[in-house]
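K.L.:
Okay, here's the structure, questions in a sec.
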Amino acid sequence: MNPLDLINQLARQEQNLAGSSFIAPVVPGGAVRLRVNGLVYTFAVRVRDPQWALLRTDDLRTARVVGTPSKAQIRQYAEQLPRLRVLLLEYWDGVRYGLQYSTGSKGLELEGVVPVQLSDNLDVFDVANCCFDGANVWCDSRDDSSSAQRGRQLRNELANMTPPETMRVATSTVTDRLAYKMLWLRRRPLVQVNALDTDDHTRLGRALQAGGASLESFNMRGDDVNVRFRYDGRVHNAQVDRRSFTVTSAGFCLAGGDRNFDLTSLVGVLRERDGHYDD
Amino acid sequence: MTSNVTSLFNQAQTGQTSGKTLHLTLNGVGQDIAMDLLEVGAGCSDVDVKTALARHLDTSAETFRNHVVERLENGNLTVRPQAVFG
């Protein structure tokens, strides 16, 4: 082709591009790339929230949202790209993650956890229909073929902190169980060692053991507990709040700072004191 | 609260956890945190431990400026306020 004809053709193409409409997923601060006859144009788009958008170009650099595409239009867009199903997890630093649920029709396989865009309206353990544009995984709909009851049961089990080993959801898959274990592990540190569902003897014993001491005896005094325990061959008495195990009386002078400590940390304080004053 | 999602994935997949625990005492209240989630071990420096705690709890490392890190024989850690003896 004559170089001048080519230039003229490109000029016409760019003229036609201004004011044209297209569909794309957009996120705040992001840009949209549009390929026309092998040429890629990048448009800045200003949006407040991530969304599927009907866009119109202002010029060759910017585009704006002019509407919301229908579900059918979104599906038509997504089907041009490799498809995958993603089991949705939770947010880490504002980013939703998921695990690939099964290989899509075009055999795409993503390993490990993947960030998933535009899944805010779906729940944890929902399965999302997604497409992959080479950089991002975009959720376009909920996968209704997976049982809603399965997701609800998994969420209930997690709310009850049922350990992964004993979690029983009849229709759960290997990926469901892996996701469940991840989210259970994530919540595990929120479980207090002094959980009130166990008896006082067990709770006191655990708290002291965590500090490297052992329980000798205890007796209740209203909301407090007098605790007698052994550490490094020594025996010590202290008073703690029955519920939180916050120290109410350390049994030695802490300059009024007794309540800064709990029973477990008091053991370390005693060791420090012994190191200071025993030599 | 943030936890490294890849770390959780690896733990869930391999089923391997060290089982070690960090006991934090803050304002007189204790809580146990699995050291795997913090990605710290007994060999980490005090600064590393406090930085990991701050990240995990979405707070400033300044929160633990007056805390001491104790290393127990069983590999667990205790992070507690400094004691002032009368």
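The values are calculated or read from the model by the stated rules, or taken from the named source; none is laboratory data. Here the structure is a predicted model, which means the values were calculated and not measured. When we count neighbours, we look across all protein chains shown, and the Cβ atoms used for this are built from the backbone with ideal geometry, even at glycine. Ligands, DNA and RNA are excluded from the accessible area calculation, which covers all protein heavy atoms including side chains. Shrake-Rupley method; radii C 1.70, N 1.55, O 1.52, S 1.80 Å.
K.L.:
Could you work out the relative contact order of segment A:21-85? I mean the mean sequence separation of Cα pairs under 8 Å and 6+ apart, divided by the number of residues, in percent.
P.N.:
Once normalised by length, the contact order is 30 percent.
K.L.:
Take segment B:14-86, compute every pairwise Cα distance, and split them into 10 Å bins from 0; I just need the percent in each bin.
P.N.:
P(r) over segment B:14-86, rounded to whole percents: 20, 56, 20, 3, 0.
K.L.:
Before anything else, pin down the relative contact order of chain B: Cα pairs under 8 Å, at least 6 apart, normalised by residue count, whole percent.
P.N.:
The value is 30 percent.
K.L.:
Give me a comma-separated list of calculated 3J(HN,Hα) values for segment A:244-256, in order, Karplus coefficients 6.51, -1.76, 1.60 applied at θ = phi - 60°, integers in Hz, x for any Gly or Pro.
P.N.:
Whole-Hz 3J(HN,Hα) from phi for segment A:244-256: 9, 6, 5, 5, 9, 8, 6, x, 7, 7, 10, 6, x.
K.L.:
For chain A, modelled as a Gaussian network with Cα springs under 10 Å, which listed residue fluctuates most, A:Gly134, A:Gly257, A:Gly151?
P.N.:
Checking each option, the largest mean-square fluctuation is seen for A:Gly257.
K.L.:
Amide H neighbours of A:Thr248 under 5 Å, at least 5 residues apart or on other chains, H built in the peptide plane: list them.
P.N.:
Result for A:Thr248 returns A:Gln239, A:Val240, A:Asp241.
K.L.:
In addition: Taking 1 over the mean of 1/r across every pair of different Cα atoms in the protein assembly as shown, what Kirkwood radius in Å do you get?
P.N.:
It works out to 24.6 Å.
K.L.:
What number in nm² do you get for segment A:1-66 if you take the convex hull of its Cα atoms and divide its surface by four?
P.N.:
Over all viewing directions, segment A:1-66 projects a mean Cα-hull area of 4.4 nm².
K.L.:
Then there is this: Considering only DSSP states other than H, G, I, E and B, which GluC sites (Glu not before Pro) in segment A:129-235 qualify as loop sites with at most 16 other Cβ atoms within 10 Å?
P.N.:
A:Glu165
K.L.:
Using Cα springs under 10 Å in a Gaussian network model of chain A, which residue among A:Tyr97, A:Tyr77, A:Tyr231 shows the largest mean-square fluctuation?
P.N.:
Comparing A:Tyr97, A:Tyr77, A:Tyr231 in the GNM, the peak value goes to A:Tyr231.
K.L.:
Take the Cα pairs of segment A:11-106, get the Kirkwood Rh, then feed it into Stokes-Einstein at 4 °C and 1.567 mPa s and tell me D in µm²/s.
P.N.:
Reported coefficient: 86 µm²/s.
K.L.:
Per residue of A:84-91, count partner chain C-beta atoms within 10 Å of its C-beta, then hand back the mean as an integer.
P.N.:
1
K.L.:
Hey, if we sort A:Ser172, A:Ser249 by accessible area with the 1.4 Å probe, largest down, what's the order?
P.N.:
A:Ser249, A:Ser172
K.L.:
Kindly write out, for segment A:259-265 in residue order, the coupling ³J(HN,Hα) from the Karplus curve 6.51 cos²θ - 1.76 cosθ + 1.60 (θ = phi - 60°), rounded to whole Hz, with x marking Gly and Pro.
P.N.:
Values per residue, Gly and Pro as x: 6, 6, 10, 10, 4, 4, 6 Hz.
K.L.:
In addition: So how much slack lies between A:Ser214 and A:Arg35, counting 0.36 nm per residue of separation and subtracting their Cα-Cα distance, in nm?
P.N.:
So the chain would gain 57.4 nm between A:Ser214 and A:Arg35.
K.L.:
Looking at segment A:130-180, what % of the alpha carbon pairs are farther apart than 17 Å?
P.N.:
Cα-Cα pairs of segment A:130-180 separated by over 17 Å account for 46 percent.
K.L.:
Taking R0 as 51 Å, what's the FRET efficiency between B:Asp58 and A:Asp59 from their Cβ-Cβ distance, rounded to 0.05?
P.N.:
The formula returns an efficiency of 0.75 here.
K.L.:
How far apart, in nm, are two points set 7 Å out from the Cα along the Cα-to-Cβ line at A:Asp123 and at B:Phe85?
P.N.:
Here the answer is 5.7 nm between the modelled labels.
K.L.:
I've got another one for you. Write down the Å³ per residue value for the convex hull defined by the alpha carbon atoms of segment A:73-135.
P.N.:
Per residue, the Cα convex hull of segment A:73-135 comes to 87 Å³.
K.L.:
Relative to the present Cα-Cα distance, how much length would full extension add between A:Ser249 and A:Glu165 at 0.36 nm per residue of separation?
P.N.:
Additional length available on full extension: 26.2 nm.
K.L.:
Continuing with the same structure: Rounded if a/c is under 1.5, else prolate if a/b beats b/c, else oblate: with a ≥ b ≥ c from the C-alpha gyration tensor eigenvalues square-rooted, which is segment A:121-279?
P.N.:
Prolate is the answer for segment A:121-279, as a/c is 1.5 or above and a/b outweighs b/c.
K.L.:
Please turn the phi angles of segment B:30-45 into ³J(HN,Hα) values with the Karplus equation 6.51 cos²θ - 1.76 cosθ + 1.60 (θ = phi - 60°), one per residue in order, whole Hz, x for glycine and proline.
P.N.:
x, 8, 9, 10, 4, 5, 4, 5, 7, 6, 10, x, 4, x, 6, 6
K.L.:
Looking at the P(r) of segment A:230-279, how many percent of alpha-carbon pairs lie beyond 19 Å?
P.N.:
Every Cα pair in segment A:230-279 considered, those over 19 Å come to 20 percent.
K.L.:
Say we join alpha carbon atoms closer than 10 Å with springs in a Gaussian network model of chain A; which of A:Ala18, A:Ala213, A:Ala53 then has the biggest fluctuation?
P.N.:
Maximum fluctuation in the GNM of chain A, among the listed residues, is at A:Ala213.
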